[in-house]
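The values are calculated or read from the model by the stated rules, or taken from the named source; none is laboratory data. Model, not experiment: these values are computed from the prediction. Virtual Cβ from ideal backbone geometry, glycine too; neighbours counted across all protein chains shown. Keep in mind that these areas ignore ligands, DNA and RNA; they rest on the heavy atoms of the full protein, side chains included. Shrake-Rupley method; radii C 1.70, N 1.55, O 1.52, S 1.80 Å.
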Amino acid sequence: MVLRRLIVLLFLLSTYAFALVLRLPEFDRKNGIKEVFVHDHGDRIEYTVVFWDEDHPNTLTDLLYDLYRFYKWGRFYDIETFFLYPDRIYFPDDFCDSEGYFQLENLHNRAELTLDRFEHFDGEPVVYVSTWNHMFSNRSLSGVSYLGYKVEKTGFGTRDDAERKYSWRKNVKLKLTLWLFFASLGSILTTILLKRRSRLCVVFKGLTTVLIGTIAMLNVQGPEWLIFAGLIFSLMGDVFLEFDSLFVQGMLAFFTTHLLYTIAFFKLFGVSTWWIFVLIYGIVLLQYVFLKNHLGRMKVPVLLYTLMIATMLSLSFAVLRHEMYYARILIPIGATLFAFSDSYLAWDKFVKKLPLRNLMVLSTYFLGQLFIALSTVVI
């Protein structure tokens, strides 16, 4: 079936020249084209273009606008659709013959233009992205440098197929991930409130990690399975640390978690910039210098654990060397929160009792784990 559809589409493209070139202003490349869906309706070809995002010219408005879009359409990605006929292109509501890329009025327009009104490149019509929210036009903006995207290698599908892939409102896996996220937040709060008050906190502590681990399990692929494995060892550590006699076992379990995260980050993103290592190792080892006189027989285990944390945290920042979007940026944030939780716990256990110990340790630990798990949600 797929092969037959591919042959039909290739025949249409070659026979009717149902191919085109999309051009996006170079300064908006971070919101570039992620994917193009193509569907043959017989008399026309439907093109659904998925952009990474759309940025409102006002930063504050853009933040509110993103939240609104995520609620209403279930995505940050911007999706636009038009139809290519043998002699014309039809834009249902996404045409704008703009005077400037950042204009805010007269954006969504309907238009139907014959192909002779478009520029052509290698015999194919050129469609320009003309505004910040990715309206289309048949002409370029004056003085703007463009990136070309030739629509050749793309996937089959309609606008609905694109929405089912990129919107949590239509993607069952994303919707379940969102509900697990809210359930995790509720379980985190319950665990903190019950700590020192009821042994039920052990149940909710484990439940929280299970919920977070399920988020990772639903979304991981490739080396990200190491993150899921790390959460399994975290669950073991959560239980062990509830008993003073099993502190070393808990420490070993979390050491394994840090090790698995380290390998995952390295395989996914490579190595961070050298000064990140110098800065983080310097801070972490300086803390160990102040701790070591209080450690007794735990000097060597804590030193090894400290070096493992420093390595994991340093490699988490390697993601910033890549053009990553959305959830990926949560990795260094989550790793930092995780490391802070370990640090606060160490000072509380070995040096002196610290204020708000349960709130500080549990909130940063669980949020750190949650962010790392959410970083696997990459479409």
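Assigning unit charges at the beta carbon (Lys, Arg +1; Asp, Glu -1) and nothing else, what dipole magnitude in debye, to the nearest 20, does the range 40-144 show about its Cα centre?
Values: 8 positive and 21 negative charges, 46 e Å.
The dipole of the range 40-144 has a size of about 220 debye.
Taking label positions 7 Å along the Cα-Cβ direction at both residue 58 and residue 119, the computed distance is 3.2 nm, reported to one decimal. Would you mind telling me which residue in 145, 363, 98 has the biggest mean-square fluctuation in a Gaussian network model of the chain, where springs connect alpha carbons within a distance under 10 angstrom? Greatest mean-square fluctuation among the candidates belongs to 145.
Dipole of the chain computed with +1 at Lys/Arg Cβ and -1 at Asp/Glu Cβ about the Cα centre; of 129, 365, 296, farthest Cα towards the positive end is 296.
Cα centroids of the range 224-271 and the range 360-375: 13 Å apart. Its Cα gyration tensor gives the range 307-361 an equivalent ellipsoid; the semi-axes, largest first and in whole Å, are 28, 13, 5. About its Cα centre, the range 171-280 has a charge dipole of approximately 320 debye under the convention of +1 per Lys or Arg Cβ and -1 per Asp or Glu Cβ, with nothing else charged.
Measuring with a 1.4 angstrom probe and ignoring ligands and nucleic acids, residue 63 comes out at about 100 Å² accessible. Residue 255 contributes an accessible area of around 60 Å² to the protein surface, as traced by a 1.4 Å probe with all chains present. 3J(HN,Hα) couplings calculated from phi for the range 57-74 with the Karplus curve 6.51 cos²θ - 1.76 cosθ + 1.60 (θ = phi - 60°) are, in sequence order, x, 8, 4, 5, 4, 4, 4, 5, 5, 4, 5, 4, 5, 5, 6, 6, 9, x Hz; Gly and Pro show x. Between 0 and 90 degrees, the angle of helix 2-16 with respect to the longest Cα principal axis of the chain falls at about 40 degrees.
Taking a ≥ b ≥ c as the square roots of the eigenvalues of the Cα gyration tensor of the range 88-153, is the shape rounded (a/c under 1.5), prolate (a/b larger than b/c) or oblate?
Working: a/c = 1.79, a/b = 1.27, b/c = 1.41.
Oblate, since a/c reaches 1.5 and b/c is not below a/b.
Fully extending the segment from residue 104 to residue 139 would add 10.7 nm, taking 0.36 nm per residue of separation and subtracting the current Cα-Cα distance.
What length, rounded to one decimal in nm, is gained on full extension from residue 281 through to residue 41, with 0.36 nm per residue of separation minus their alpha-carbon distance? Walk me through the numbers on the way to the answer.
Working: separation 240, 0.36 × 240 = 86.40 nm, distance 5.91 nm.
In short, 80.5 nm is gained.
At a probe radius of 1.4 angstrom, the accessible area of the range 29-88 per residue rounds to 45 square angstrom. In this simple spin-label model, placing a label point 7 Å from the Cα along the Cα-to-Cβ direction at both residue 321 and residue 197 gives a separation of 4.7 nm.
Applying the criteria of a DSSP loop state and at most 12 other Cβ atoms within 10 Å to the trypsin sites (Lys or Arg not before Pro) of the range 140-193 yields 153. When the solvent-accessible area of the chain is split by element, carbon and sulfur atoms take up 65 percent of it, the probe being 1.4 Å. Centre-to-centre, using Cα atoms only, the range 81-104 and the range 166-184 are separated by 32 Å.
Evaluated with a Cβ-only charge set (Lys, Arg +1; Asp, Glu -1), the chain carries a dipole of roughly 2380 debye about its Cα centre, given to the nearest 20. With 10 Å bins beginning at zero, the pair-distance distribution over Cα atoms of the chain amounts to 5, 20, 24, 20, 15, 10, 6, 1, 0 %. Protection proxy ranking for 194-202, 206-214, 21-29, 77-85, using the average of other Cβ atoms within 10 Å per residue and placing the highest first: 206-214, 77-85, 21-29, 194-202.
Considering only 139, 110, 297, the mean-square fluctuation computed in a Gaussian network model of the chain, springs between alpha carbons under 10 angstrom, is largest for 297. Our coupling estimate for the range 294-303, obtained by passing each phi through the Karplus curve with A = 6.51, B = -1.76, C = 1.60 and θ = phi - 60°, is 10, 8, x, 6, 8, 4, 5, x, 5, 4 Hz, Gly and Pro reported as x. Approximating the spin labels as points 7 Å out from Cα along Cα→Cβ, the residue 68-to-residue 290 distance works out to 4.6 nm.
Using the Cβ-Cβ distance between residue 274 and residue 246 with R0 = 45 Å, the FRET efficiency computed as 1/(1 + (r/R0)^6) comes to roughly 0.75.
Only protein heavy atoms count here; under a 1.4 Å probe, residue 217 has an accessible surface of about 90 Å².
Computed over the chain with a Gaussian network model linking Cα atoms closer than 10 Å, the most mobile of 336, 154, 262 is 154.
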